[in-house]
Amino acid sequence: MVELRTPRKTSKASKMDANGETASLKKRKREPKEETTASQKRQRSKPKTQPAANGTVDDAADSQESTLFEQTTNGDLELTDASNGLTTRDTSAWKVSNPMGGRMLDIDPIFSLDERYLLITYNTSIQVYSTEDSLLVRRITLPVTKLDSGAELSSPHIVASALSASAPDFLWVACSDGRIWHLNWTTGEGAETPFTIDVKKVLDMTVESVDIRDKQEDVLFVLQKFTKSSAQIVAYDLKALQKKTGKLIHTYDENPQLLRSAAGGRLIVAAAKETLHIGTLKSKGKTVKGVDDLEYAFHSFGVPDLVTCLDIRPTLQTTKKGGVEIQFVDLVIGCARGAIYVYGDLLSKLPGNATKAGPIQPRKLHWHRRAVHSVKWSEDGNYLISGGAETVLVLWQLDTGKREFLPHLSATIENIVVSPKGSSYALHLDDNSAMVLSTAEMKPTTYVSGIQSLVLSDKPSKESLVRRVWRSVDEISTPLITTSNPTNPSQLFLCVGNGQQASSTGNAPSTPLLQVFDVSSFQGVGKHPIARTNPTDANMTSQGAPIIEPRVTKMAFSHDGKWLASVDEWQPPERDLEPLLTGSKTTCEVSRERREIYLKFWEVEAEDNSLQLVSRINEAHFTTESETILDVVSDPISSRFASLGTDGVVRFWSPKLRRKDGLATTGPEGHQLRTWSCSRAVELPAYGQLEEAVEVSPKTPRSGALAFSEDGSVLFAAYGPSSGAVVAVIDTATGAIRDTIPNLSRGEIRGIEALSSSLIILSEDLTVYDIVSDEVQYSFALKETSEAAKQMTHLAVNSESRSFAVAAPIPNSSQEKLKKGAKSELVVFSVDEEVPQLIQTFPQVITAVLPSTNSAGFVAVDSAAQIWSITESGEQARMLQPLADLNMEESKALVAPVDLAIEDGEASDEEMHDADADVEMEDDDYDVHQAVVAPQKLAEIFNAAPAFAMAPIEDIFYQVAGLFSTRPSTI
Amino acid sequence: MAAEVQPLATLKLPTVVSPITAEQRYWKSFKNQKSHTSTAAWPISHISFPGSSNGSAASHSLVAAAKANDLFAVTSGPRVDIFSIRKRELLKTIGRFDSEAHSGEIRADGRVLVAGESSGKMQVFDVGTGTRAVILKTWHVHKQPVWVTKWSPAELTTLMSASDDKTVRLWDLPSNAPSRMFSGHQDYVRSGAFMPDRNNLLVSGSYDSTVRVWDARAPGGSVLTFKHADPIEEVLPLPGGTTLLAATGSAISVLDLVAAKPLRLITNHQKTVTSLSLASNGRRVVSGSLDGHVKVFETTNWNVVSGSKYPSPILSLSVITAGAGHEDRHLAVGMQSGVLSLRTRLSGATAEKARARATEDALMVEGASSKLAKIDSAKAKRKRNAVSNKSMALLGENVDVIIPTDATNSSGGRKRRVKLKPWQRDFREGRYAACLDSVLDLSSPEYQPVTALSVLVALRHRSALREALEGRDEVTVLPLLKWVIKYISDPRYATVCVDVAFQLFDIYSEYVGGSTELADQFAVMTGKVSREVEKAQMAIITNGMVESLMIGGAEA
């Protein structure tokens, strides 16, 4: 279809190319010309007095051109006119918020020295959390992905972050493209001005504090790619970073991935596949004047397996001259096949001079079945702490060889960090959560949980170092199923898996869990299993293949938020089905026959939002086998759902009192039990019945979608093969089909929505159709028609602002699938105008768009697990802001004593005392976090009613006072 | 934090018409039948106990008195037998009647009893003390047999009577003449009752096929009359006092007194309904009929929820309640043959004790001494703990906190984790074959087909079905085959059975030549499947015929 239309790109398109844009928005026309022109005249007469685009919208949006849509011109003058109007159009009506959230990277979280803060490296930001109350203190956004660098196959990503060893307020963050940020994490400064080093690719980085001219200075050891099969370690200090030239420490002729250093740079260890490289600082007895004076002796030796993680534990001793030197070094490595090797007192085993050491016998500890994702020494060196895909935290007591377990965590353990004082462990789990466990009782004291949706990751998982019988999915092929509860606008409900790795093992990601995510506090509130999941059972078969869990494909809340309908799908993996083949069936068909598609109805408990399964419909849509349920929607005025299946039937579901032998049954608390059942089935007209000429085989895949009209009186069902779907208008009271409208769509139906008298149909076209006047208001053709893009196109309608949003991915031209580097575009239309209100390119693929409840905007979730809020101007996004942004952060005086102690060692006792006094003083404000008042809370009070109908001023005063007054601390 | 290990959840199959409902289970739990045959096999004409007719209307003193009561009265022939509710034993017999006795009713305080007689006499007896009942009062006002005598639920000294002389009378205990006489019935009055919650209202049913409501305050005749097709045998006001049941012939009519209209006619019995009784605190109604059936109705839609058959026509029945909660205790049914059947439901601690005794007895019979010893030792331990706790409590005057010897939590019960059954542990730890063997064991006492199905489905979900079926010998594969053959025709089990059968064919078909048993079982399975296929074909043919008929009908 694209090829057909490309020649019709006229001079307009070439103009766009000059602008660096690939295409333009092109208008398609369906109706007689007079209609269209009339509507456009109306449109042009609109005043254009609003100020020009402000700075909130990104550069890409400012260019006013959509890469999503293509407009078929037909050489019509009127239409060209219209598109000219479009370019001068004003977009300040809508704005896109800064993204929140993100995905925690496989980089060790960092404790601040006083253990009061946890610094977590996200894919696009550094986030500082308070360990006392798990609140987000600061979010430092890093411009990791540049919008203009989309053509590169491997987009830049953060590879390492480390706390500055000499100035603990600073953080070094390295990006794979050679940018290195030096951030002050207590203020957020430094995000805009990275150092840049000239490298092919940064692989890893560590930071050590080295005595340079009797002053402690940070030295960065950067592991960087040199040629395709070699890498270098280069040392930089601040000066060298400015000059962009560091001191080359060592060149490897293989590709190490891991770099660790210890003891003030006296020891650096790099791991490359099955080899370890140990570098020891040659102490020449003279003071180091700069990075150029750093000289290392390197040894390498083979290890039995692929190294996935390592930890060094140096023991220092004081030399006679007063300096320090390494007494001995204990090293532990975790390997890709599950073994842990401990090298005790490693340095003494290395030969004196030779660079190639013979095999050194380590102590082997093997419990993990799959790769060890992290292994760490405990503070005292008596224990090892390790974790991996078994979701078990293992504590190895080295002297006795005894193991202790903390089993059944929520997802694969990615990183373990022992706090500076050794009193707690920080764990980063694969479900985008991090927690701090106290070592004494193994209870979490801090818990940070982000959106658990699938992301496009930069690095392959540690599991994939070894060839497995399965292959993990490296693309996002299905949209994230997200919905919000109409009664609780701050909560998002997302269908997620048991963690990134666990959910991306099948053909399609398995998403058995429903994550409840509170947008206003930006914390995961809870998880409910809504399909079969085995959190405490082995997640692998005995053959080593992962156990596939069902995938939730549709979800909808009833209008009052009391009921939730969900659809989940599971089909047995084809590898199990060989013996079941009969006749000429293929495994694919056999697997389809055994699909389990469940429609489930859940009751939402009013108090705690927990879900109670009320009814499960095994075969809601059924022909000779279970049929896919294409859509489930809820009636906007009554407790009723409608579902559409590939059997071409629309079913209405409604609750009724559960009866047993004619008796209404009651629950344990005496409340009436209800059950859901099909109250009406409406067979949709097949396409063939409308136009005899077209013969469509029953095997052709059908697509469809449903939408209730706003008053619930009419249900629109778009259904049919991609060669021609028909929109049926069903009277919901009688079930009669009132009308059928053909030719509103082209290709697969991706979505249908109703907004007052307009019907918005998204297929390969975006069509807005007026039901009352029975004419197409306007129509656009979507440019992107790739298979992945079809899946990931979203349509959302906000009835409050009478607008709708369309989002679609723009895959890289070089890629078939939606992988890393793909972008997305979101376009907001007002239903009455064919001119987009907002065109915004997002650096990641948008996986879900939904209207925000009780407000005029939209919420988008992207493939980096970030949430974007798209709001009409003047409205406040209901999203959490970091404490720092709310000026709620604690006074600087609190941090001061630490600074003093480290930077000015000679600070007098008096000064220290003063500082302590400050601390005492500030103690009262320690828990000021509770007085965080979001602006929307105030807005709720003051905008509750028009001025003449407001509550008495006294009541308002108490409401406001109640918001600000600190409640007694409960911590 | 760390999730707790949950046992494998059993599947919930689609609900089919369940062979036994909770309600049936409840009424089946009335067991331990005790039969008592009356002297000379006189038919049991009336069973009553105080408090049966009064819902919640009684005054406080009466409620207190009813709680203390342990007696119920059974009228048969010229005798009234007094039984103990608690012991289910005959305590005394009142035989001082000249003719057939009717309607022996004990007052709510359990002290006195009133009964009518065929001679028209009414007598009040002292039943509280002594073995012999003393006559306290005799009225001989009715000239025809007195069929109904009832105590007022509200006042201790008020009672009513109804007689074949077509009158209903209201009495005050000390006086010798009736305080009120209601006349208006055209035939024998054989049933009557006080309306609960409305102390001045009486209701009576007569052989003139009418139910009449009388008001003691209103002069003249009845305030409300319902005319039926058949004579009224029994009337039963429901608690609340707005609804009335009347047994008319083989039907029971439901009458609404407020709207003054019949609500419904229940026609579940085949012969004359002779008796009605409330049960389950007024939420159920039990009826007995000459056809020998006892039926239990729920009171909202009047569906039959349970029933049972007795060997002889039923003349009277009562659900006797006991305890503070007025729980149903006995189902007493009196029959034409003179047999009084008492069925008892144990509840709470008594039920538990009875169960423990039953298991012990069973073990004793079996001779499983080791298990018996285990039970004994557990019992002894409990006793020791109780004793030591008690002794510590005695010591405890100068200590602040007493720590009990056994680890009970605050709520009293011992907190413990759900213990996995052996098959659940096998399943969790990946011994799928062993797990399957134990759940498919048809002879096991814990065998349940749905458990087996759950395990098979879970195995399929875990891609472990083949692993569980593989590597078996002739002996261990046969139970699998037998199970599949047994359930393959059940539509709920069919898909799983088909998968298992395919796998078994795939794995074991090469050994059929070496094992006749295996070959036989496979042949049996093939036969069963082909029969099912035939049935399906027949169904399709029938469906086709019906459809063509329907089309024909629509055209015509």
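The values are calculated or read from the model by the stated rules, or taken from the named source; none is laboratory data. Being a predicted model, the structure only gives us computed values, none of them experimental. Glycine gets a Cβ as well: all are built from the backbone with ideal geometry, and neighbour counts include every protein chain shown. These area figures cover heavy atoms from the full protein model, side chains too; ligands, DNA and RNA do not enter into them. Shrake-Rupley method; radii C 1.70, N 1.55, O 1.52, S 1.80 Å.
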(message) For region B:324-376, which positions are part of a loop (DSSP other than H, G, I, E, B) and of a type in the set (Gly, Ala, Ser)?
(response) B:ALA324, B:GLY325, B:SER337, B:GLY338, B:SER347, B:GLY367, B:ALA368
(message) If B:GLY334 meets every condition in (1) open to solvent by less than 10 Å² (accessible area, probe 1.4 Å); (2) over 23 Å from B:ALA108 (Cβ atoms); (3) more than 14 Å from chain A (Cβ to nearest Cβ) apart from one, which number is that one?
(response) (2)
(message) Going residue by residue through region A:733-742, is there one that turns out to be surrounded by 23 or more Cβ atoms within 10 Å (Cβ to Cβ) and either hydrophobic (A, V, I, L, M, F, W, C) or closer than 16 Å to A:VAL831 by Cβ (or both)?
(response) no
(message) Restricting to region A:532-579, and then to whatever is hydroxyl-bearing (Ser, Thr, Tyr), under 30 Å from A:THR487 (Cβ atoms) and within 26 Å of the chain's Cα centre (by Cα), can you tell me which residue is nearest to the other protein chains (Cβ to nearest Cβ)?
(response) A:THR533
(message) Can you tell me how many residues within region B:338-365 are among the aliphatic types (A, V, I, L, M), open to solvent by 60 Å² or more (accessible area, probe 1.4 Å) and more than 19 Å from B:GLU89 (Cα to Cα)?
(response) 3
(request) For B:VAL319, state whether it is touching an Asp or Glu at 6+ places or on another chain (Cβ under 8 Å), open to solvent by less than 10 Å² (accessible area, probe 1.4 Å) and more than 14 Å from chain A (Cβ to nearest Cβ). (result) yes
(request) Select from region A:564-575 the residues that are open to solvent by 20 Å² or more (accessible area, probe 1.4 Å) and either among the basic types (Lys, Arg) or modelled with pLDDT of 90 or more (or both) and list them in ascending order. (result) A:ARG575
(request) Please find, among A:THR646, A:THR623, the residue that is away from every other protein chain (no Cβ under 14 Å), among the polar types (S, T, N, Q) and under 34 Å from the mean Cα position of the chain (by Cα). (result) A:THR646
(request) Enumerate the strands (runs of 3 or more DSSP E) found wholly within region A:142-252, keeping only those where 2 or more residues are among the charged types (D, E, K, R). (result) A:202-212, A:215-227
(request) Please find, within region A:592-615, the residue that is farthest from the chain's Cα centre (by Cα) out of those that are surrounded by fewer than 19 Cβ atoms within 10 Å (Cβ to Cβ), more than 10 Å from every other protein chain (Cβ to nearest Cβ) and free of Cβ contacts under 8 Å to residues at least 60 places away in the same chain. (result) A:ARG592
(request) Return only the number of the condition from (1) among the polar types (S, T, N, Q); (2) modelled with pLDDT of 75 or more; (3) open to solvent by 30 Å² or more (accessible area, probe 1.4 Å) that A:THR275 does not satisfy. (result) (3)
(message) So B:LYS261 ticks every box in (1) open to solvent by 50 Å² or more (accessible area, probe 1.4 Å); (2) touching a residue at least 12 places away in the same chain (Cβ under 8 Å) but one. Which box is left unticked?
(response) (2)
(request) Say whether the condition of being modelled with pLDDT under 90 and either more than 14 Å from chain A (Cβ to nearest Cβ) or buried (at least 22 other Cβ atoms within 10 Å of the Cβ) (or both) is met by at least one residue in region B:268-276. (result) no
(message) Kindly evaluate B:GLY95 against the criterion of being open to solvent by 10 Å² or more (accessible area, probe 1.4 Å) and either of a type outside the set (Lys, Arg) or within 24 Å of B:LEU315 (Cα to Cα) (or both).
(response) yes
(request) Could you grab me the full set of residues in region A:427-446 that are within 14 Å of another protein chain (Cβ to nearest Cβ) and in a strand (DSSP E or B)? (result) A:LEU427, A:LEU429, A:SER433, A:ALA434, A:MET435, A:VAL436, A:LEU437, A:SER438, A:PRO444, A:THR445, A:THR446
(request) For residues that are more than 10 Å from every other protein chain (Cβ to nearest Cβ) and closer than 26 Å to A:ARG532 by Cα, tally how many sit in region B:469-479. (result) 1
(message) So in region A:393-410, with the set limited to residues that are farther than 16 Å from A:ALA339 by Cα and in a strand (DSSP E or B), which one is nearest to the other protein chains (Cβ to nearest Cβ)?
(response) A:LEU406
(request) Starting from region A:235-253, take each residue that is free of Cβ contacts under 8 Å to residues at least 60 places away in the same chain and of a type in the set (Asp, Glu) and list its partners that are crowded, with 20+ Cβ neighbours inside 10 Å and in a helix (DSSP H, G or I), counting only C-beta distances under 6 angstrom and pairs at least six apart or across chains. (result) A:ASP237/A:VAL291
(request) Take region B:18-38 and flag every residue that is polar (S, T, N, Q), over 20 Å from B:ASN281 (Cα atoms) and at pLDDT 80 or above. (result) B:ASN32, B:GLN33, B:SER35, B:THR37, B:SER38
(request) Would you please name the residue that is modelled with the lowest pLDDT, looking only at residues in region A:605-635 that are closer than 17 Å to A:THR483 by Cβ and either among the small types (Gly, Ala, Ser) or assigned to a strand (DSSP E or B) (or both)? (result) A:SER610
(message) Step by step: first the residues of region B:449-468, then only those that are free of Cβ contacts under 8 Å to residues at least 40 places away in the same chain and not small (Gly, Ala, Ser), then the one that is farthest from the other protein chains (Cβ to nearest Cβ). Which residue is that?
(response) B:LEU459
(request) Starting from residues that are within 14 Å of chain A (Cβ to nearest Cβ) and among the hydrophobic types (A, V, I, L, M, F, W, C), keep the ones in region B:499-532 and report whichever is most open to solvent (accessible area, probe 1.4 Å). (result) B:PHE505
(request) Count, please, the residues in region B:286-301 that happen to be open to solvent by 20 Å² or more (accessible area, probe 1.4 Å) and within 14 Å of chain A (Cβ to nearest Cβ). (result) 4
